Amino acid sequence: MINRPYAESADQNKAVIFDAIEPYLKGEVLEIGSGTGQHAVYFAAQRPKVSWQTSELACNLPGIEGWIEAAGLTNLPAPIELDVLGKWPEHRYDLVYCANCFHIMGKLAVTRCIEAISACLHPAGVFALYGPFNYGGAFTSESNARFDHMLRARDPESGIRDFEWIDEIAAAAQLRLLDDVAMPVNNRTLIWQKRTL
């Protein structure tokens, strides 16, 4: 029996996230923190000419492999192990995608992740980031405030990040903000493009 962990939220948000990132999908994509692998399977099925490379911590790879095996898509290679504080792929990608990861990472990991993502992108490549964010140091909803409290109770290093702080790190890593798209349930999709020299 194929091991396929299921996340209801991934099913609920996959279509709206696809609509937000679809204009930027081309060539080869690297997904950071692929979770169950549900987003990867859905996105790769929508764009068969786009190669979608999943990545995760080693403990989560079998679940992703289960979804990939069941999907049988030729543009969905086997997942690779990736710890954002460890070694990153030397390959260059047209787009790097990351969903619901920054609020469960510590600040050092977020900083390292953004810097490494920039290094992984081709010139003019795109970084798409989905999740909840604060603006002007304030929560955008009561539900986000409650979510942040739950996150920090479980891990003091985690929590909803300020958009301005993330964008400052991105700018230092030669990433220019292209778009900030409002999403359902008080989330956003942020789009940056790597600067060309």
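The values are calculated or read from the model by the stated rules, or taken from the named source; none is laboratory data. Remember, predicted model here, so these are calculated numbers, not experimental data. As a convention, Cβ positions derive from the backbone with ideal geometry for all residues, glycine included, and neighbour counts pool all protein chains shown.
GLY125: crowded, with 20+ Cβ neighbours inside 10 Å, farther than 21 Å from TRP192 by Cβ and in contact with a Lys or Arg (Cβ under 8 Å, 6 or more places away or on another chain), yes or no?
So GLY125 fails the test.
Take ILE17 and decide whether it is over 25 Å from ILE166 (Cβ atoms), modelled with pLDDT of 95 or more, of a type in the set (A, V, I, L, M) and surrounded by 17 or more Cβ atoms within 10 Å (Cβ to Cβ).
Spelling it out, it is not the case that ILE17 is over 25 Å from ILE166 (Cβ atoms), modelled with pLDDT of 95 or more, of a type in the set (A, V, I, L, M) and surrounded by 17 or more Cβ atoms within 10 Å (Cβ to Cβ).
Could you please tell me which pairs satisfy a Cβ distance under 9 Å, a separation of 6+ or placement on different chains, a first residue in segment 169-197 that is farther than 22 Å from GLU22 by Cβ, and a second residue that is crowded, with 18+ Cβ neighbours inside 10 Å and of a type in the set (Lys, Arg)?
If the second residue must be crowded, with 18+ Cβ neighbours inside 10 Å and of a type in the set (Lys, Arg), the pairs left are ALA173/LYS194; GLN174/LYS194.
Can you find a residue that is in contact with a helix residue (DSSP H, G or I) (Cβ under 8 Å, 6 or more places away or on another chain) and on the phi > 0 side of the Ramachandran plot anywhere in segment 110-133?
yes
Testing LEU151 on (1) assigned to a helix (DSSP H, G or I); (2) within 14 Å of the chain's Cα centre (by Cα), one condition comes back false. Which one is that?
(2)
Being surrounded by fewer than 20 Cβ atoms within 10 Å (Cβ to Cβ), more than 18 Å from the chain's Cα centre (by Cα) and within 20 Å of GLY125 (Cα to Cα) is true for just one of LYS49, LYS26. Which residue is that?
Just a single option satisfies the conditions, and that option is LYS49.
List, please: which pairs have Cβ atoms under 9 Å, are six or more places apart or on different chains, and start with a residue in segment 16-37 that is over 20 Å from ALA78 (Cβ atoms) and end with one that is part of a loop (DSSP other than H, G, I, E, B) and among the charged types (D, E, K, R)?
Here the result reads PHE18/ARG47; GLU22/ARG47; LEU25/ARG47; LYS26/ARG47; LYS26/LYS49, each pair linking segment 16-37 to a residue that is part of a loop (DSSP other than H, G, I, E, B) and among the charged types (D, E, K, R).
Only residues that are assigned to a helix (DSSP H, G or I) and either aromatic (Phe, Trp, Tyr) or over 23 Å from ILE17 (Cα atoms) (or both): list them for segment 154-168, please.
ARG154, PHE163, TRP165, GLU168
Can you find a residue in segment 53-61 that is over 26 Å from ILE166 (Cβ atoms), of a type in the set (A, V, I, L, M, F, W, C), exposed (fewer than 14 other Cβ atoms within 10 Å of the Cβ) and in contact (Cβ under 8 Å) with a residue 60 or more places away in the chain?
no
Residues checked against (1) in contact (Cβ under 8 Å) with a residue 60 or more places away in the chain; (2) within 23 Å of PHE147 (Cα to Cα); (3) touching a Lys or Arg at 6+ places or on another chain (Cβ under 6 Å):
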| site | (1), (2), (3) |
| --- | --- |
| ILE64 | no, no, no |
| THR74 | no, no, no |
| ILE80 | no, no, no |
| PRO89 | no, no, no |
| LEU95 | yes, no, no |
| ASN100 | yes, yes, no |
| MET105 | no, yes, no |
| VAL110 | no, yes, no |
| CYS113 | yes, yes, no |
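Here's a check for you: in segment 103-112, which residue that is out of contact with any Pro (no Cβ under 7 Å at 6 or more places or on another chain) and under 13 Å from ASP155 (Cβ atoms) is surrounded by the most Cβ atoms within 10 Å (Cβ to Cβ)?
Looking at residues that are out of contact with any Pro (no Cβ under 7 Å at 6 or more places or on another chain) and under 13 Å from ASP155 (Cβ atoms), I get MET105.
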